[in-house]
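Below: the structure, in C-alpha cells.
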Amino acid sequence: MGIKSLTEETFDLIRKDSLCLVYFWATWSGPCLNYPDLDGFVQENSTLPIYKVNVEENPELTRRFSVIVMPTLIFYKKGKAVLTLIGCQNIQVLREKLASLK
C-alpha cells in the first residue's frame, strides 16, 4: 500500500479507517529524511493505512494536532487520535505499539 500523502483538504479520509498511522514530517528535518525503521514498518504492515503530512505545506493540521517535533507519528482509530509517538521510534517500538492497539 505504501504511504499516502494527506493535506488539510483530505485529512478527514482517515475517518474511514478502523486503524491507521499518520506521520507528520518536514523537509528540513534530518531524521524525517532518513527514517529506515519507518520504511521497514511500512513494508511489514502493508494492510495498515499509513499516511504522511508535510507540516510545512499543512500548517493548520500541524497546529490542530499540536505537532511541534518532527517526526511525530499518531495512530488513529476511526478518526480519533489514540497514541502519539514523538521522534524517530525504532521498528520494535512501532510493532509493539501497533500490537497494543489491535
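The values are calculated or read from the model by the stated rules, or taken from the named source; none is laboratory data. Since the structure is predicted, the reported quantities are computational estimates derived from the model, not experimental observations. A quick note on method: Cβ atoms are made from the backbone with ideal geometry, for glycine too, and the neighbour counts reach across all protein chains shown. Surface areas here come from the heavy atoms of the whole protein model, side chains and all, with no ligands, DNA or RNA. Shrake-Rupley method; radii C 1.70, N 1.55, O 1.52, S 1.80 Å.
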Nearest-5 percent of antiparallel DSSP beta bridges in the chain?
60 percent
Could you list the chymotrypsin sites (Phe, Trp or Tyr not before Pro) in segment 5-63 that lie in coil according to DSSP, counting only those with at most 14 other Cβ atoms within 10 Å of their Cβ?
28
The farthest towards the positive end of the charge dipole of segment 1-86, of the residues 86, 70, 40, given +1 on Cβ of Lys and Arg and -1 on Cβ of Asp and Glu, is 86
Among GluC sites (Glu not before Pro) in the chain, those in a DSSP loop whose Cβ has at most 13 other Cβ atoms within 10 Å are 9, 56, 57
Size of the dipole of the chain about the Cα centre, Lys and Arg at +1 and Asp and Glu at -1 on the beta carbon, nothing else charged, in debye to 20?
460 debye
Net lengthening on full extension, residue 33/residue 12 (0.36 nm per residue, minus Cα-Cα)
5.0 nm
What number comes out for accessible area per residue over the chain if the probe is 1.4 Å? Units Å², please.
56 Å²
Which of the aspartates and glutamates could a cross-linker span from residue 16 if the Cα-Cα distance has to be under 17 Å and same-chain partners fewer than 8 positions apart are dropped?
8
Take the Cα atoms of the chain, build their convex hull, and give its volume per residue in Å³.
88 Å³
Taking the convex hull of Cα positions in segment 60-102, its mean projected area over all directions (nm²):
3.2 nm²
Carbon and sulfur: what percent of segment 1-41's accessible surface (1.4 Å probe)?
54 percent
